[in-house]
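Nothing in this text is a laboratory measurement; each read-out follows from the coordinates by a stated rule. The model shown is predicted, which means the values in this text are computed figures rather than measured ones. Please note: Cβ atoms are built from the backbone with ideal geometry, for glycine as well, and neighbour counts cover all protein chains shown.
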Amino acid sequence: MKMIKYLPVAGFLLLIQLSGCKKNNEHNIFLSQSKVTFDYNDNQVTIKISNTGSGEFTWNIQSSSEYLKFSKTTGLCARNEPDNFDILLSREKIHSDSISTSVTITTSSGESASISVFIHGYPESKIRYNSTVLDADYDYANNRLILLGNSSGKYFLDIYDIGQGSFDQILINNYMSYLSVSQDGTYAIVGSNSGNYISYIDLIQNKIVNTYSTESYIGNSIASSGKLVYCFSEYSDYGIGRLDLNTGSYATFDLGSYLSIDAAELHPSGSFIYACGYSTLYKFAINASEPQLVYSNSNYNMGSGLWISRDGSKIFNANKKILSINPQLTGDDITQVATLNMWQNYIYLIRQNPVRNEYYVVPTTSSSGTDNNSNQILVFSNTFEQTSTIQLEKFFTSEYYDGSYRLIDAIAKYLFVSTDGSKIIVISRSNDSNYSYYWGIQIIDR
């Protein structure tokens, strides 16, 4: 009788347990990795979420780590239909040699799974930039650094907001080698010196608007007001090209003079372009219906580099010449010539800080680019007396056999000054050819 009395109860209990097993088995989260290690040059890993149950669930990421971003933070996962997301590392926020953190994924079925994350980093104050910098420009209107980068065959613009300390990225479809940002910061153009095309990029919406053909390979382009882009041929030519981004039309203007342009910059007034090639200084007026060559002058031993001060009053060349200018003068507008007093043979880069009345010079003893002397910034006063030297932060590299660090000199490849004059922004690269893929962004407070 006891067995007959309790059999139904036992059977009932068994049914409950079976039903419970089936219910729990409807949703079962499984992650492709429960541990992730970012090595020194790693910045991204993909995690796959699988559902081994019979139902479906939504999932959400929970993480308070400032070092991690995610390609998405929620999704839907059904049986045999895995979902995935990328963990993206914000290396600009990492300045120590090792960091541990975690990520938790919760589901609508009440389950959770965790991923432990370990990050190898270097004890540097600079931001490690794990791509090759092909060109760089600065958006002074919005205080943003714009980098043309390349990594694993992909080309992109990386936009670094100095105030926010964050990156945005715009992917580019084609090989590109040069960049120019408009003075108002609303657009940029990128082009290739081995292809006859230029892409127009909207820097407000952060997207490519269109790509246009040019009549020849372009070596230098200047983004000017009114969405007009002025183009200089990669090879010597008699004309200057103009691309109208409003209509997509491209025209070449024969200026009646043989042009060989190595470098060109837009004057802060927006009305003139100054350029150099071999020993010649060129001035172009661009505020009329057609561009005009104002002069070509070979008296100033220009070399291959040219920079215009932010206040528009001076031109500097690679051979240490300081040319005071009055752009409103007709004809030759050079009013005074001086030589910068430093023992190195050439200027590789020079920028003005009009807020602090300073100039920052990257020196070199090589006529063809940077050298061992380019690991420093020489600071000059407004009267061009050297006041101090800033040594660039070295790169750390790990010796894998014993875990120790080795230091490598950094050389400045690009240099800008923040809009408010409070920071020097240096894009540096390793001076060791074995580590030439080491790039960094060093921000120096003034």
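Given charges of +1 on the Cβ of Lys and Arg and -1 on the Cβ of Asp and Glu, with all other atoms neutral, how large is the dipole of segment 351-446 about its Cα centre, in debye to the nearest 20? Spell out each step's value before the answer.
Values: 8 positive and 10 negative charges, 52 e Å.
It works out to roughly 240 debye.
Based on Cβ point charges of +1 for Lys and Arg and -1 for Asp and Glu, what charge dipole magnitude is obtained for segment 157-236 about its Cα centre, in debye rounded to the nearest 20?
Values: 2 positive and 7 negative charges, 26 e Å.
Roughly 120 debye, rounded to the nearest 20.
Going by amide H atoms built from the backbone, whose H comes under 5 Å of the H on residue 262, apart from near neighbours?
276, 277, 278
What is the distance in Å between the Cα centres of segment 25-58 and segment 390-436?
After rounding, the separation between the Cα centres reads 36 Å.
Quick one: compute a quarter of the convex hull surface over the Cα atoms of the chain and quote it in nm².
Average projection, Cα convex hull of the chain: 28.5 nm².
Number of Lys-Lys pairs in segment 127-350 under 23 Å by Cα, sequence gap 8 or more or different chains? Provide the component values of the computation, followed by the final result.
Details: 154/207; 207/227; 227/283; 283/314; 283/320; 283/321.
Lysine pairs meeting both conditions in segment 127-350 amount to 6.
Among 429, 79, 91, which one shows the biggest mean-square fluctuation in a GNM of the chain, springs joining Cα atoms closer than 10 Å?
Top of the fluctuation ranking is 79.
When only C-alpha pairs under 8 Å and at least 6 residues apart count, what is the relative contact order of segment 351-446, in percent?
Worked out over segment 351-446, it gives 20 percent.
For the chain, what relative contact order do you get, as a whole percent, if you take Cα pairs closer than 8 Å and at least 6 residues apart? Please report the intermediate quantities before stating the final value.
Working: 1085 pairs, mean separation 33.7, N = 446.
In percent, rounded to a whole number, it is 8.
Calculate how steeply helix 2-24 sits against the longest principal axis of the alpha-carbon atoms of the chain, using the helix alpha-carbon long axis, and give the answer as 0 to 90 degrees to the nearest 10.
Computed tilt is about 10 degrees.
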